[in-house]
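Only one structure is covered here, and it is reproduced in the block below.
The values are calculated or read from the model by the stated rules, or taken from the named source; none is laboratory data. Remember, predicted model here, so these are calculated numbers, not experimental data. Cβ placement follows ideal geometry from the backbone for every residue including glycine, while neighbour counts extend to all protein chains displayed.
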Amino acid sequence: MESPAPPPLTVAQSRAVDRVCLEDYGLPGAVLMENAARGCAELLDRVSDGNPGAVAIVCGKGNNGGDGFALARHLTIRGATVHLFAPFEEPPDADEEPGEAAMNARVARRMGLPWTDWTTLSEEDLTNRLAEEAAGGWIVDALLGTGPSGPPREPMDVAVRAIHAARSRGPRVLAVDVPTGFDADGGRPFQSSPDGGACCVRADRTATFVAPKPGFAMDGASDWTGSVSVVGIGAPPAAIESVR
Ligand SMILES: NC(=O)C1=CN([C@@H]2O[C@H](COP(=O)(O)OP(=O)(O)OC[C@H]3O[C@@H](n4cnc5c(N)ncnc54)[C@H](O)[C@@H]3O)[C@@H](O)[C@H]2O)[C@H](O)CC1
Ligand SMILES: [K+]
């Protein structure tokens, strides 16, 4: 049953939902991340008629990346062919990084999923690898979500340009929560260069969590977000309303 999209939440409000869930309900971020990833897997299945094909997931080091690592697990369970482009060769261990993002990276690594440290590749090599690993399927942008307040810094900018270039060779792009480089409140890329270019992922579809972001409805936003789907993460309704 597709319920109507809830009213938008700003980036700050979206980030407050996690805090309220943990502090007021004892609902940990790992549960929210699991629901987010599973919802993205269900969406990819739905928009690919049950067969997403080959999926290349490009992860950052924060919780947006964590969603990507958990998504890799859920897509594998569903029989998709997944290749993880991670920001490291080996995830940090639990005492160094106890959070849910690193936990999901460790699980994906222990599953023996196909794995490439994208930070070691040139923009051209990363472009070629993404086009190859996502041929006929999807590239997933799990680099940055609601964390940044400015344009992608190096080496994220390299990954953004590679995703953009690889998309021109056929794969579709799914942005997790927010297209990397896009200001979800302002409704445009954080940085627009004079020639109209921008260091921002152009997505065919954006799977955003809890509620749409205000910028998604602004003029020109859909050039970057593509079609937006809201994915629930299991937050109690009162927790969501409390941040408004
Ligand atoms: N309630 C929800 O909606 C949930 C959202 N989830 C996901 O969590 C991310 C937000 O995670 P967070 O770690 O706070 O931020 P990001 O992963 O987007 O980025 C942090 C990461 O990036 C580095 N960084 C910050 N700014 C820049 C920049 N300009 N350039 C390069 N790198 C930057 C920073 O150092 C960190 O390493 C949200 O979008 C969802 O995807 C939860 O999974 C579930 C609940
Ligand atoms: K993203």
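What to note about this one:
- Just one residue in the set 229, 222 is among the polar types (S, T, N, Q) and surrounded by fewer than 16 Cβ atoms within 10 Å (Cβ to Cβ); that residue is 222.
- Taken as a whole, the condition of being touching a strand residue (DSSP E or B) at 6+ places or on another chain (Cβ under 9 Å), within 25 Å of residue 12 (Cβ to Cβ) and either touching a residue at least 40 places away in the same chain (Cβ under 8 Å) or within 15 Å of ligand 2 (Cβ to nearest atom) (or both) applies to residue 175.
- Any hit, segment 104-115, residues being in a helix (DSSP H, G or I) and polar (S, T, N, Q): yes
- Single condition residue 210 does not satisfy, out of (1) in contact (Cβ under 8 Å) with a residue 40 or more places away in the chain; (2) crowded, with 20+ Cβ neighbours inside 10 Å; (3) closer than 18 Å to residue 149 by Cα: (3)
- Residue count for segment 169-192, restricted to those that are farther than 24 Å from residue 72 by Cβ and in a loop (DSSP other than H, G, I, E, B): 5
- Looking across 176, 210, 201, 231, one residue alone is in contact with a Pro (Cβ under 6 Å, 6 or more places away or on another chain) and either modelled with pLDDT under 95 or among the β-branched types (Val, Ile, Thr) (or both). It is 201.
- Boolean, residue 165 is surrounded by fewer than 17 Cβ atoms within 10 Å (Cβ to Cβ), outside any loop (DSSP other than H, G, I, E, B) and in contact (Cβ under 8 Å) with a residue 24 or more places away in the chain: yes
- Single unsatisfied condition, residue 157 versus (1) out of contact with any strand residue (DSSP E or B) (no Cβ under 6 Å at 6 or more places or on another chain); (2) within 21 Å of residue 208 (Cα to Cα); (3) within 15 Å of ligand 2 (Cβ to nearest atom): (2)
- Flag for residue 159 being outside any loop (DSSP other than H, G, I, E, B) and either surrounded by fewer than 24 Cβ atoms within 10 Å (Cβ to Cβ) or within 14 Å of the chain's Cα centre (by Cα) (or both): yes
- Candidates 215, 145, filtered to the one that is without any contact (Cβ under 8 Å) to a residue 40 or more places away in the chain, buried (at least 18 other Cβ atoms within 10 Å of the Cβ) and not in a strand (DSSP E or B): 215
- Leading residue by the ranking (farthest from ligand 1 (Cβ to nearest atom)) among those in segment 134-171 that are among the aliphatic types (A, V, I, L, M) and farther than 22 Å from residue 47 by Cα: 165
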